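Enquirer: Just dropping this structure here.
The values are calculated or read from the model by the stated rules, or taken from the named source; none is laboratory data. Nothing here was measured: the structure is a model prediction, and the numbers come from that model. Neighbour counts run over all protein chains shown; Cβ positions are idealised from the backbone, glycine included. Keep in mind that these areas ignore ligands, DNA and RNA; they rest on the heavy atoms of the full protein, side chains included. Shrake-Rupley method; radii C 1.70, N 1.55, O 1.52, S 1.80 Å.
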Protein chains: 2
Amino acid sequence: MSGPAPAAPVAVSRFMDAQIEMAHGAGGKATRRLINGLIAPLLMGGTTTLGDAAMAEIGGAELALTADSFVVRPLQFPGGSIGELAVNGTVNDLAVAGARPHTLLVTLVLEAGLRTEILEREMHAMAAAARRAGVAIAGGDTKVVEHGHADGMYVTTAGIGVKDRRASLSAAAVRPGDRILLSGYIGDHGCTVLLARGGIELDASLRSDTRSLWPMVDRLLDAVGPAMRWMRDPTRGGVATALNELAADTDLSIAIQDDRVPVRDEVRGVCELLGLDPLHIANEGQLLAVVSPEAAEAALAVLRHVDESATIIGEVRAAPARTVVAESTYGGARVIDMLVGDPLPRIC
Amino acid sequence: MSGPAPAAPVAVSRFMDAQIEMAHGAGGKATRRLINGLIAPLLMGGTTTLGDAAMAEIGGAELALTADSFVVRPLQFPGGSIGELAVNGTVNDLAVAGARPHTLLVTLVLEAGLRTEILEREMHAMAAAARRAGVAIAGGDTKVVEHGHADGMYVTTAGIGVKDRRASLSAAAVRPGDRILLSGYIGDHGCTVLLARGGIELDASLRSDTRSLWPMVDRLLDAVGPAMRWMRDPTRGGVATALNELAADTDLSIAIQDDRVPVRDEVRGVCELLGLDPLHIANEGQLLAVVSPEAAEAALAVLRHVDESATIIGEVRAAPARTVVAESTYGGARVIDMLVGDPLPRIC
């Protein structure tokens, strides 16, 4: 391909890996290097905060825009399926940007040989999830690839939301003393998908936590809108990765109390077996929020109205800058890094 | 997946095939059956016109929305590559809906093992195409699948455009006597990709016609805006399929003169070799337009300013309804059907 260089200033590519590896899709450090070292500088002329929706004024409307591809294996698992994930994942990216989800576009890459009943099941799942989330599906596209590719189906959803006037979110507004709220149990989605693949002998009744976060966000904005600083749904890379991005984007420190983070025994079991930290496991229906200290209890009450397991897991501090620290009840502390490598590939 | 049924009225599925086949992605009859017999009723509560962007009012703005996945093999071919197609294809879907292309979102499904230089080349191609088309790339997502899947990369682009006030397009406005305009040579893209795969002994200097149609549409709207009835970029399924959709959507007849349709000798050669009709071959930079008779010559002059090979290929008639007829110079006539089967898989 020849042609003139893009108009936007292009940073020198810092992505030095010779080829793409699974870890580049895991949502952690390697993904950040790929996106900010190659894709974002070339396509967008700068870096980007992973997982955020873009805000844009188009035709006089203040919109949030986001798109995600879903390649989860297997297509169905306890508590959800690829179609439901594809709707909720995109809806949640809009919600945590402080935008009311409005319209989705859906494209499908189908594998030749896919049974029609599976496609039909997923279309029903998407329609039901869209109805629950209050969004319209306006259009899309379907491609078919040869048998042996695409593992049945890949789904891409693009979402358009309308910026909510109650929201004034910005990492730049985060201050030491702000509280970190978490909406509920973590790691359920990642561990559920892993167990659904078989091969691990563990008797667990885990279900994916996939759900639309908009009802929760809507109530939060109503109750404590101006006190909300930052929101994120910690999917790929888990809570640890989202908090590390917050620390990096704010130049501040994030301190969490290990025993405050809600983790089910089954998730702990899977993680111990595999040598993983539940903080690195993907969620599909959890909300992380930074709220000013005086509004924290009111915000927690709102979260608990939707999910009893919601809790304040920590606070923002001035130092050590750009670092996430987990403190134990016994006074110990450990630095929590972003996800490195890809222990759980194709989780969403 | 369980859950309540979607709120929208769901037509009884008329899609009776037991499994997905390559032809369901070819853009012709089988695609139409899949979309209108299963996907659109379930996701959108109705049927949809293939290839059209959806029009929606969001946050007070009148927007056009579209999304396409690109799975072309090989990734690069004379005249273009997957990245350039992914930008131009989505830009063109907006343009032919009478909307000024504004913003794109890009998602990538990458195959583990993809060489970074290929990814970098395609990111450059996308950036350059976006710059030429005057659109911003606002965000996106990257997933990685195991080696052996996704043929290097699949690209999905979602596009948002702003409805242009000069445009009042509607199949319902098409009348007998309206002229059918075509912007240039057909079949170049499909034949180029086919030849790029190798295996056919033919010495051709064909190049894909991929380009942004917005400059052409912009000038047309300026010159004859109110006289424009309908536009389409005839991609998968070719000119024949687009005109059959027009005939079906209007309950009218489309008559074209075979010798007026610009086809290069090389495209004719490939088509004769494979028993295909150039009218069924995919294009990526051609515009089909229906214009009122009194504005047809002015519209043609605009098209010829951009592409000398533009021509008036036929007209709309009252009968035979829902039929496309190609008339030869010798007085013969043949009915042109939609594409059936998938002679050229994964062309975009």
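Enquirer: How large is ³J(HN,Hα), in whole Hz, for each residue of segment A:308-322 in order, when computed from phi with the Karplus curve 6.51 cos²θ - 1.76 cosθ + 1.60 and θ = phi - 60°, using x for Gly and Pro?
Expert: 4, 7, 4, 7, 8, 9, x, 8, 8, 10, 6, 9, x, 4, 6
Enquirer: What accessible area, summed over both chains, is buried at the B-A interface (1.4 Å probe, Å², nearest 100)?
Expert: About 7200 Å² of accessible surface is lost on pairing.
Enquirer: Are there residues in segment A:95-109 whose accessible area shrinks by at least 30 Å² when all protein chains are included rather than the chain by itself, and which are they (probe 1.4 Å, ligands and nucleic acids not counted)?
Expert: A:H102, A:L105, A:T107, A:V109
Enquirer: Follow-up. From the label point of A:G331, set 7 Å along Cα to the beta carbon, how far off in nm is each other copy's matching point, shortest first?
Expert: Going from nearest to farthest copy, the values are 10.7 nm.
Enquirer: Which residue fluctuates most in the GNM of chain B (Cα springs below 10 Å): B:M123, B:M228, B:M44?
Expert: B:M44
Enquirer: Got the relative contact order for segment B:227-348 handy, in percent, Cα pairs under 8 Å and 6 or more residues apart?
Expert: Over segment B:227-348, the number comes to 44 percent.
Enquirer: At 20 Å minimum axial length over the Cα atoms and a Kyte-Doolittle cut of -1.0, report the qualifying DSSP H helices in chain B, or say none.
Expert: Helices meeting the span and hydropathy rule in chain B are B:116-133.
Enquirer: For segment A:98-110, just list the computed ³J(HN,Hα) in residue order, Karplus coefficients 6.51, -1.76 and 1.60, θ = phi - 60°, integers in Hz, with x standing in for Gly and Pro.
Expert: Each residue's phi maps through the Karplus curve to give x, 10, 6, x, 10, 9, 10, 10, 10, 10, 10, 10, 9 Hz.
Enquirer: Related question: Give the accessible surface of segment B:51-163 per residue, rounded to a whole number of Å², with probe radius 1.4 Å and ligands, DNA and RNA excluded.
Expert: Accessible area per residue, segment B:51-163: 24 Å².
Enquirer: For the protein assembly as shown, what % of the accessible area comes from carbon and sulfur atoms, probe 1.4 Å?
Expert: Carbon with sulfur: 49 percent of the solvent-accessible area.
Enquirer: In nm, what does the list of distances from B:P215 to its counterparts in the other copies look like, shortest first, when each label sits 7 Å along Cα to Cβ?
Expert: 5.2
Enquirer: How much accessible area per residue does segment B:211-348 have, in Å², with a 1.4 Å probe?
Expert: Value returned for segment B:211-348: 38 Å² of accessible area per residue.
Enquirer: Output needed: percent of Cα pairs per 10 Å distance bin for segment B:91-136, bins running from 0 to the one holding the longest distance.
Expert: 23, 44, 25, 8, 0
Enquirer: Gaussian network model of chain A, Cα springs within a sub-10 Å range: biggest mean-square fluctuation belongs to which of A:G331, A:G140, A:G98?
Expert: Checking each option, the largest mean-square fluctuation is seen for A:G331.
Enquirer: A further question on this structure: Compute for the protein assembly as shown: radius of gyration divided by Kirkwood radius, i.e. Rg/Rh, restricted to C-alpha atoms, rounded to two decimals.
Expert: Value, to two decimals: 0.99.
Enquirer: Keeping every protein chain in place, order A:H280, B:H124, B:H189, B:H147 by accessible area at 1.4 Å, biggest value first, i.e. largest first.
Expert: B:H147, B:H124, A:H280, B:H189
Enquirer: Between A:T329 and B:A301, what is the label-point separation in nm under the 7 Å Cα-to-beta-carbon projection?
Expert: Going by the 7 Å Cα→Cβ label model, 8.5 nm.
Enquirer: Let me ask something additional. What translational diffusion coefficient, in µm²/s and rounded to a whole number, does the Stokes-Einstein relation yield for segment A:171-335 at 4 °C and a viscosity of 1.567 mPa s, taking the hydrodynamic radius as the Kirkwood radius over Cα pairs?
Expert: 81
Enquirer: Quick one: what do you get for segment A:29-125 if you divide its Cα Rg by 2.2 N^0.38 Å?
Expert: 1.28
Enquirer: Given contacts defined as C-alpha pairs under 8 Å and at least six residues apart, what's the relative contact order of segment B:30-126, whole-number percent?
Expert: Across segment B:30-126, relative contact order equals 22 percent.
Enquirer: Ranked from highest to lowest mean number of other Cβ atoms within 10 Å per residue, what is the order of the peptides B:161-167, A:89-95, B:34-40?
Expert: Ranking, from highest mean packing down: A:89-95, B:34-40, B:161-167.
Enquirer: Let me know the whole percent of all Cα-Cα pairs from chain A that are separated by more than 26 Å.
Expert: 49
Enquirer: Using amide H atoms built in the peptide plane, which far-off residues or other-chain residues are under 5 Å from B:V162 H to H?
Expert: B:A64, B:R100, B:H102
Enquirer: Let me ask something else. Too long at a 21 Å Cα-Cα cut-off: which of B:K29/B:K143; B:K29/B:K163; A:K29/B:K143?
Expert: Going by Cα-Cα distance, B:K29/B:K143; B:K29/B:K163 fall outside the 21 Å limit.
Enquirer: Next up: Pairs of alpha-carbon atoms within less than 8 angstrom and 6+ residues apart define the contacts here; what relative contact order does chain A have, in percent?
Expert: Result for chain A is 23 percent.
Enquirer: Right, something else. For chain B, set up a Gaussian network in which alpha carbons nearer than 10 Å are linked by springs, and say which option among B:E327, B:E120, B:E245 fluctuates the most.
Expert: B:E120
Enquirer: Also, quick follow-up: Shortest first, in nm, what separates the label point of A:L274 from those of the same position in the other copies (7 Å along Cα→Cβ)?
Expert: Copy-to-copy label distances for A:L274: 4.3 nm.
Enquirer: Continuing with this model, one more query. Nearest 5 percent is fine: what portion of the DSSP beta bridges confined to the protein assembly as shown is antiparallel?
Expert: 75
Enquirer: Let me ask another. Set the Förster radius R0 to 41 Å, insert the Cβ-Cβ distance between A:M16 and A:S205 as r into 1/(1 + (r/R0)^6), and round the FRET efficiency to 0.05.
Expert: According to the calculation, E is roughly 0.40.
Enquirer: To the nearest whole percent, what portion of all C-alpha pairs in segment B:81-211 is separated by more than 19 angstrom?
Expert: When every Cα pair of segment B:81-211 is considered, 61 percent fall beyond 19 Å.
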